[in-house]
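Below is one structure, written out as structure tokens; comments come after it.
Just so it is clear, none of the values below were taken in a lab; they were calculated from the coordinates. In this text the structure is predicted, and so the values were computed from the model without any measurement. For neighbour counting, all protein chains shown are included, and Cβ atoms are generated from backbone atoms with ideal geometry for every residue, glycine included.
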Amino acid sequence: FTVLAFSSVAVLGLSACGSGGGNDAGQQSATVLKVAFNQNATHPQAVAITELSEKLKEATDGAYELELFPDEQLGSQAETLELVQSGAVDMAIVAGPLLEAFNPDFSVLNLPYIYDSPEHQMSVLNDPEITGDLYDSLTESEQISVIGAYHGGVRNVYTTDGPVETPADLAGQKIRVISSDTNVSMVGLMGGVGTPMPQGDVYTAIQSGVLNGAENNELIFADLGHSEIAAFYSYTKHLMIPDYLVANPAVLEAFSEDQRADLESLFTESVDSELASFDAKVTEAKKKAEDSGATFHEADVDAFREAVAPLLEEKISNDVTTAIFDKIEAAR
Ligand code: GCU
């Protein structure tokens with residue numbers, strides 16, 4: 001109860017910070033848009049948002065800037081998504097699988113082994129011709145505007161009891177996933193037991209033995225200390241998911257046409273700089289994890305790719321998902 005009471009008070013203070021929008025000539029007061037983020041302030045996406053804010057402020061003559069709230073200060077990603085829908089928070093960065101709850105067709109972008117490289121992934125996700133209609137499907141019905149997608153790393157499996165080389169090694173192992181049916185089925189096909197949970201709960205769950213491990217990129221592995229308690233990191237390379245910058249639609253409607261165009265082009269720039277900085281962060285994270293005793297292992301990627309094939313068949317099943325998947329293939 002105390003936690004709930006505290007978070008509602010915290011959230012009440014958040015909306016309507018900043019005012020005016022700077023649209024009235026001669027009355028330029030900055031609108032500060034709150035951006036919820038669940039990872040730390042040195043994460044490439046945090047850096048990208050800070051740069052985006054500076055450039056947006058300049059381009060809009062001080063009318064708009066962004067303020068980042070990192071480290072789950074405003075709640076788990078699922079919670080902050082609700083706050084965006086209600087308008088209590090202006091924007092949030094949320095992992096792709098969470099949007100499947102609102103429109104299951106989003107799953108086609110979150111399937112294992114469908115992208116050759118982060119560059120391939122990003123060329124698909126921010127091409128309005130490929131994803132525009134899908135993204136727009138949430139605006140009115142769910143009060144979620146998808147501004148676009150950032151690269152969120154390549155996900156691999158890490159466990160407490162030894163490296164994972166083949167699907168058989170995952171038998172009976174409870175592996176945390178981001179909440180979505182697709183993820184639960186995916187880990188099931190990979191041989192384990194997919195266990196959905198917010199990221200902030202994973203450390204304690206591994207430590208107490210509720211989980212045998214998780215699947216994530218090297219940044220989370222090292223930065224959240226998972227490397228200390230589930231020290232075997234195995235390169236299954238099964239997944240690249242997008243992280244979406246989402247906004248409450250009313251926030252974007254308040255922008256003038258020019259301001260909206262500025263936001264869109266500056267967002268595109270920030271996507272490129274985020275991607276460009278990711279590799280260096282991975283190298284840093286691996287070093288940090290190794291220093292704390294973690295080890296990195298190759299896995300039988302072909303065996304895992306084969307194991308999850310039925311999931312692609314199941315999820316690429318209607319006109320929308322088939323059309324998008326064909327374009328992913330064509331962009332390869
Ligand atoms: C990645 C992703 C985050 C997500 C996290 C998770 O780090 O970038 O958006 O929250 O995985 O597994 O929860």
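Residues within the reach of a label modelled at Phe102 (point 7 angstrom out along Cα to beta-carbon, backbone nitrogen below 17 Å), restricted to the stretch 163-200, are 179-181. Summary value for the stretch 141-282: 39 percent relative contact order, contacts being C-alpha pairs under 8 angstrom separated by 6+ residues. The long axis of helix 319-330 is offset from the longest Cα principal axis of the chain by roughly 80 degrees.
Evaluated at q = 0.12, 0.15 Å⁻¹, a Debye calculation over the C-alpha positions of the stretch 140-282 (equal weights, vacuum) places log10 I(q)/I(0) at -0.59, -0.81. Computed extension length for Asp136-Glu58: 25.3 nm, one decimal, from 0.36 nm per residue of separation with the Cα-Cα distance subtracted. Just need the relative contact order of the chain here, percent rounded to a whole number, with Cα pairs under 8 Å and 6+ apart. Averaging sequence separation for qualifying contacts and normalising by length gives 22 percent for the chain.
Please list, by residue number, everything in the stretch 116-135 whose backbone N is under 12 Å from a paramagnetic label point 7 Å out along Cα→Cβ of Arg305. The answer is 116-117, whose backbone nitrogens lie closer than 12 Å to the label point.
Just so you know, the Rg over Rh for the stretch 255-332 is 1.15, from Cα atoms, with Rh as the Kirkwood radius. Determine, from the Cβ-Cβ distance of Ala323 and Glu51 and an R0 of 45 Å, the FRET efficiency 1/(1 + (r/R0)^6), rounded to the nearest 0.05. With a Förster radius of 45 Å, E is 0.85.
Estimated from the Cβ-Cβ distance and a Förster radius of 30 angstrom, the FRET efficiency linking Glu67 and Glu129 is about 0.40. Listed by chain and number, the lysines placed with their C-alpha closer than 20 angstrom to that of Lys55 are Lys34; residues fewer than eight positions away on the same chain are left out. In this rough spin-label picture, where each label sits 7 Å from Cα along the Cβ direction, the Glu228-Ala331 distance is 3.9 nm. Approximating the spin labels as points 7 Å out from Cα along Cα→Cβ, the His297-to-Ala254 distance works out to 5.2 nm. Volume of the convex hull of the stretch 87-201 (Cα atoms only), normalised per residue: 118 Å³. Find how many whole Å separate the alpha carbon centroid of the stretch 135-153 from the alpha carbon centroid of the stretch 28-77. Centre-to-centre distance over Cα atoms comes out at 17 Å. Computed over the stretch 170-254, the quotient of the alpha carbon radius of gyration and 2.2 N^0.38 Å is 1.25.
Using a cut-off of 32 Å between Cα atoms, the listed pairs Lys174/Lys286; Lys57/Lys315; Lys174/Lys327; Lys288/Lys315 include Lys57/Lys315; Lys174/Lys327; Lys288/Lys315 as exceeding that distance.
With a simple spin-label model that places each label point 7 Å from the Cα along the Cα-to-Cβ direction, the separation between Ala41 and Ser86 comes to 2.7 nm. Once divided by 2.2 N^0.38 Å, the Cα radius of gyration of the stretch 144-194 becomes 1.38. The amide H of Thr236, built 1.01 Å from its N in the peptide plane, has Val157 as neighbours under 5 Å, considering only residues 5 or more places off or on other chains.
Computed packing ranks the peptides 226-234, 264-272 as 226-234, 264-272, most packed first, by mean other Cβ atoms within 10 Å.
If you wrap the Cα atoms of the chain in a convex hull and average its projected area over all directions, you get 16.6 nm².
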